[in-house]
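Okay, structure first, notes after.
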Amino acid sequence: MTNEHEFAGRPLGFSREVADGVFAVNAAFWGFPNVVYFLRSGRTWALVDSGVAETPARAIAPFLEQHGGFGSLELVMGTHGHVDHIGGNAWLKQHAPQARFALGALDTDWAEDPHRHYETLYVHGAPGGWRPDSETEQVVREAIGGPVAIDHPLVGGEVLTFGLGREIETVHLGAHSPGQTLYIDRMTGCAFSGDAVQGAGIMNTSTGLRDFPMYRTLSDYRASLEAIRSLRPALLCTAHAGIHERGDVDGFIDRALAWGVRFTETILDIATEHGSFSMEELVEHLGERMPEYALILQVRVTAGEHLNALVARGDLVPTMEGGAKRWTRRQAPAPASSSTVPSQTDR
């Protein structure tokens, strides 16, 4: 197994062959560890994820310049439509116009319309009133890059081919993003999961803080993790959390599931202690209990999904007060008395 800091101190574009014709390439950005993957077939390449807008020039180009040039890039497969996985698409399309692009069909709008990408995810993607500040907005919009048409909008079950016929299976997961897709290289059994397994969140070495794990619903997340487990890949190749050999995959997934359980318990503890809270009050309480995390978009998305799960099982009651949503701890019914006092008429 490798960890998310395997390439720490290595230059961008540094690569290591992790399986037959599969190369992991250091594509770190903004203090976050990040790995993109090249697969070789004959003299051509397929790429898994393109990073943010600056990633191709800084990390992908150095690899291609040493391995056949931009004309050898045939296929670019995005694991999902977030900025750090498709932001480099436009740069690659400009320098490798022959390349075909694949992405989950439910994420294609984000790749083909950068404004929709920003508005949907960063403006309207989190419950409550949080919005990025103007400096963050500029950085994110630049990182999204330009629009690129998706040649292969995927729903899962497709088999993509490139080069001399190397085959890549697709599995729709749809938890971290609606179109989250797992790619399985039939030749080696390697699976490329992007951010499907969130673990305890990504550590940013520049800030010393982790980003919260982020997923659409808790049930979708659990289902996607169990789907990956059932496939038993020879290697599970993630974007930010290292490369995991088959014998470590179960433990890796178990740790991710356990984090979700602990987070639910943390929210329930806060609800018990404070009784009622808004999203912003909850985030403040989480900051006190989990100071290792950045309190931005991801915490609100994930907290919102855990709150929904707690409402569904009857632990919390949602209300609207002054147009803002609040949650209240449901009081458990008083236990029935084990003995009764006889009335006057019973005596």
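Candidates in segment 262-295 are the residues that are among the hydroxyl-bearing types (Ser, Thr, Tyr) and part of a helix (DSSP H, G or I); of these, the one that is nearest to Ala175 (Cα to Cα) is Thr264. For segment 296-315, taking the residues that are modelled with pLDDT of 95 or more and part of a loop (DSSP other than H, G, I, E, B), the one that is farthest from Arg262 (Cα to Cα) is identified as Gly314. Any chance segment 139-157 includes a residue that's touching a residue at least 24 places away in the same chain (Cβ under 8 Å), under 16 Å from the mean Cα position of the chain (by Cα) and not in a helix (DSSP H, G or I)? Scanning segment 139-157, I find no residue that is touching a residue at least 24 places away in the same chain (Cβ under 8 Å), under 16 Å from the mean Cα position of the chain (by Cα) and not in a helix (DSSP H, G or I), so the answer is no. Filtering segment 124-147 to residues that are of a type outside the set (Lys, Arg), farther than 25 Å from Trp91 by Cα and surrounded by fewer than 14 Cβ atoms within 10 Å (Cβ to Cβ) leaves His124, Gly129, Asp133.
Cβ-Cβ distances below 8 Å connect the following pairs, each with a first residue in segment 270-284 that is within 12 Å of Glu321 (Cβ to Cβ), a second residue that is of a type in the set (S, T, N, Q) and surrounded by fewer than 21 Cβ atoms within 10 Å (Cβ to Cβ), and a separation of six or more residues or different chains: Ser276/Thr328.
Across segment 294-319, which residue is surrounded by the most Cβ atoms within 10 Å (Cβ to Cβ) among those that are more than 21 Å from Arg222 (Cβ to Cβ) and touching a residue at least 60 places away in the same chain (Cβ under 8 Å)? The selected residue is Leu297.
Every condition in (1) free of Cβ contacts under 8 Å to residues at least 24 places away in the same chain; (2) in the same structural domain as Leu103 (by TED's automatic domain parsing); (3) out of contact with any strand residue (DSSP E or B) (no Cβ under 6 Å at 6 or more places or on another chain); (4) surrounded by 15 or more Cβ atoms within 10 Å (Cβ to Cβ) is met by Leu225 except one, and the failing one is (1).
The values are calculated or read from the model by the stated rules, or taken from the named source; none is laboratory data. All of these numbers come straight from a predicted model, not from anything done at the bench. When we count neighbours, we look across all protein chains shown, and the Cβ atoms used for this are built from the backbone with ideal geometry, even at glycine.
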